[in-house]
Amino acid sequence: MATNLALNDNLIEEARKLGKHKTKKAAVTAALQEYVRRRKQARIVEAFGTIDFDPSYDYKAERKRKRSVTIDPRGQVAMTAEERAEYERLRKKLA
């Protein structure tokens, strides 16, 4: 998409040289990508402390657990009774 912007030539040239970009467009594109990436990281950092920690969670046991998914004739995911109970527990907790 063609866009006309009034940018500081000195700043663009400095960014182009620091990033070893051949063109102004490459420097601006890299700067925008970095901006977006940093904003996404900031959102992740904001989430710290807002997620409940379960001290009884055993990640090693979860790694060993078989994770096959079966779709029943109605197009729904088939679950064991234990998986269904856990699903219902979490669904109620999040409601």
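In this label model, GLU46 and ARG65 are separated by 3.1 nm, measuring between points 7 Å along each Cα→Cβ vector. Here MET79, MET1 are placed in order of increasing Cβ neighbour count within 10 Å, fewest first, which gives MET1, MET79. For a paramagnetic label modelled on LYS24 (point 7 Å from Cα along Cα→Cβ), amide N atoms under 16 Å away belong, within segment 1-17, to 2-17. Positive-end ranking of LEU5, GLY19, LEU32 along the dipole of the chain, with charges on Cβ about the Cα centre, is headed by GLY19.
Can you list the lysines whose alpha carbon sits under 21 Å from that of LYS17, skipping same-chain ones fewer than 8 residues off? List returned: LYS25.
For the chain, a crude dipole built from +1 on the beta carbon of Lys and Arg and -1 on the beta carbon of Asp and Glu, taken about the Cα centre, is about 360 debye to the nearest 20.
Temperature 4 °C, viscosity 1.567 mPa s: under these conditions the Stokes-Einstein estimate for the chain, based on its Kirkwood radius over C-alpha pairs, is 68 µm² per second. A straight Cα-to-Cα reach below 30 Å connects LYS64 with the lysines LYS92, LYS93, residues fewer than 8 places away in its own chain not being considered. Amide hydrogen proximity for ALA78: with H placed 1.01 Å from N in the peptide plane, the residues at 5 or more positions away or on another chain lying under 5 Å are THR70, ILE71, ASP72. Between the exposed loop cleavage positions of the chain, defined as chymotrypsin sites (Phe, Trp or Tyr not before Pro) in a non-H, G, I, E, B DSSP state with at most 11 neighbouring beta-carbon atoms within 10 angstrom, the longest gap is 1-47. Taking other residues whose beta carbon is less than 11 angstrom from the beta carbon of ARG16, and scoring Lys, Arg as +1 and Asp, Glu as -1, yields +2.
No lab work stands behind these numbers, since they all come straight from the coordinates. These figures come from a predicted structure and were not determined experimentally. Backbone-built Cβ (ideal geometry, glycine too); neighbour counts: all protein chains shown.
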